[in-house]
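The values are calculated or read from the model by the stated rules, or taken from the named source; none is laboratory data. Everything quoted here is computed from the prediction, not taken from an experiment. Please note: Cβ atoms are built from the backbone with ideal geometry, for glycine as well, and neighbour counts cover all protein chains shown.
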Amino acid sequence: MNEVTPSPADIAKRPIVVPPHPEWPILSPDEKENLKARIKAQLKAQNAVLVAHYYTDGDLQELAEETGGCVADSLEMARFGSVQEAKTLVVCGVRFMGETAKILNPEKRVLMPDLNATCSLDEGCPADEFRAFCDHHPDHTVVVYANTSAEVKARADWVVTSGIALPIITHLAEQGEQIIWAPDKHLGHYVQRLTGAEMLFWQGSCVVHEEFKSVALERVRRLHPDAAVLVHPESPAAIVDQADVVGSTTALINAVTSMDNKEFIVATDGGIFHKMKQLAPGKNLIEAPTQGEGATCQSCAHCPWMGMNALQNLAEVLETGANQIEIEPGIAEKAVLPIHRMLDFAKQHNIGMKNRGNA
Ligand code: SF4
């Protein structure tokens, strides 16, 4: 890279502004029912379907399922949208999920409760600087995680989710390809450790998973010696090393239902507990420790951007039509190619994307 182009490490040192977790007013049961009724009426009237991520509020997850929508990881959210007849997709999650839904479904209207709901991985990978980094290494194959902007995807050869990253990087390594990996350094290093691939890393991280503390986790494990430790691979290596299961959101949910353990220590966003409790009501779920509120914790295992989705602003966007996702056609045309490459790979290798989702 030339002198004026900052390195990925320099870019990673720039602070990312993490908003406080939104404090939504507590709703009375009547207020909640009233909002749900308004949302249901609008979904029906507008031929719209609700797709929600596992990290969003439990009320939104339940509403999505009650109204024929889905609760899933981001890729499955987009795939679900593609097979719906609905003309409008309402994406409760963060912005790159809405963008991916739009890229895969350009003919549909895609709405989001709050367009400011972003992601530290996306924020930490500005498209112009990422393009400069890639241009500096033209002999590398560019692999980006789904948690990136449409512009960054448009510069990539492959998009991957956490569940399919391993087989795709293994495949590329077998072809002798050198890889640029962005933006999540922890997931990248995890995949490199398992595959031995030659990789250059962007230095981004997730503010939620970065917060898990390894020494405190060891203490919690001693207190709960029979608990299985479930870890999302966006977590630092010292956390991943203590895991019984490392996997995507869907894989961690599957672990809770399929493993015999009665207790689980879970290192990923706390929003996932809603679905885990629904599917495995008898199991004891323990949040992996963070620094804790009042200390230096920025997220305390609850993504502030995911928290920007609520019944209140969902009702509002449906009633006003605000917060539509728009993507420049030239960008969308390029960004769809690496996403389709991943989907084709999954199909060819019989990899069930439904069970191999991303953040
Ligand atoms: S949990 Fe982390 S990776 Fe997921 S949206 Fe929030 S900041 Fe991004």
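For this structure, a couple of remarks:
- Tallying residues that are small (G, A, S), at pLDDT 95 or above and either away from the ligand (no atom under 14 Å from the Cβ) or in a helix (DSSP H, G or I) (or both) within the range 239-270 yields 3.
- Scope the range 142-159; condition away from the ligand (no atom under 16 Å from the Cβ), closer than 18 Å to M199 by Cβ and buried (at least 18 other Cβ atoms within 10 Å of the Cβ); matching residues: V142, V143, R155, A156, W158
- Within the range 141-162, the residues that satisfy the criterion of being more than 16 Å from G98 (Cβ to Cβ) and in contact with a Cys (Cβ under 7 Å, 6 or more places away or on another chain) are V142, R155.
- Residues of the range 220-232 satisfying the condition of being within 16 Å of the ligand (Cβ to nearest atom) and either at pLDDT below 95 or not in a loop (DSSP other than H, G, I, E, B) (or both): L230, V231
- Pair list, Cβ < 8 Å and 6+ apart or interchain, from the range 338-349 residues that are more than 16 Å from T148 (Cβ to Cβ) to residues that are at pLDDT below 90: L343/R79; L343/M353; F345/I164; F345/I351; A346/I164; A346/G352; A346/M353; A346/R356
- I16 of a type in the set (V, I, T), farther than 15 Å from L318 by Cβ and touching a Lys or Arg at 6+ places or on another chain (Cβ under 9 Å): no
- The single condition among (1) part of a loop (DSSP other than H, G, I, E, B); (2) more than 26 Å from E129 (Cα to Cα) that S235 does not satisfy is (2).
- Number of the exception - V143 against (1) closer than 23 Å to W202 by Cα; (2) in contact (Cβ under 8 Å) with a residue 40 or more places away in the chain; (3) in contact with a Phe, Trp or Tyr (Cβ under 8 Å, 6 or more places away or on another chain): (2)
- Single residue of the range 73-125 satisfying the filter (free of Cβ contacts under 8 Å to residues at least 40 places away in the same chain and in contact with a strand residue (DSSP E or B) (Cβ under 6 Å, 6 or more places away or on another chain)) that is nearest to the ligand (Cβ to nearest atom): M77
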